[in-house]
1. How about the range 1-41: which of its residues are acidic (D, E), surrounded by 11 or more Cβ atoms within 10 Å (Cβ to Cβ) and either at pLDDT 95 or above or closer than 21 Å to R65 by Cβ (or both)?
2. Quick one: in the range 37-50, of everything that is more than 16 Å from the chain's Cα centre (by Cα) and in contact (Cβ under 8 Å) with a residue 24 or more places away in the chain, which residue is nearest to P9 (Cα to Cα)?
Amino acid sequence: MISPTVGKPLWYWPTRAGAIDNYDLANQPLAAFITYVNRDQTVNIAYLDRNGSPDRRITVPLWQRGQPRPMGNFCEFHPDDMTPGPQTVAKVASLSAVHTPEEIAKIAENPSRPVLKLKKSPESPA
């Protein structure tokens with residue numbers, strides 16, 4: 001599960017009532033980002049309609065894979081945010097040389113504040 005944070009990009013899926021016209025209801029989401037994280041698994045968002053005009057919505061359900069899809073409008077994280085990129089894979093590989101699996105799991109829970117420890121080389125003094 002991804003933690004929502006202000007500024008994180010999203011896909012926004014409007015309902016018929018929230019759409020400018022039927023083109024917004026096509027099989028394409030609208031580009032959006034989080035402006036505020038509410039306590040009840042909803043977020044406030046700013047989004048661009050199909051013409052690039054900005055708008056906003058408040059208290060939009062944030063759907064994450066593995067949960068039931070909300071009725072009505074909702075937003076979700078971009079699928080690329082759900083899969084680790086090459087930099088993430090390389091970082092985990094480098095961490096595994098120094099950290100235990102439990103430490104790596106803690107770092108993955110809060111990647112913005114990893115605490116790294118250096119592996120002492122055999123020739124360095126203790």
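The values are calculated or read from the model by the stated rules, or taken from the named source; none is laboratory data. If you're wondering where the values come from, they're calculated on a predicted model, not measured in any experiment. Here the Cβ is made from the backbone with ideal geometry for all residues, glycine too, and neighbour counts use every protein chain on show.
1. none
2. D49
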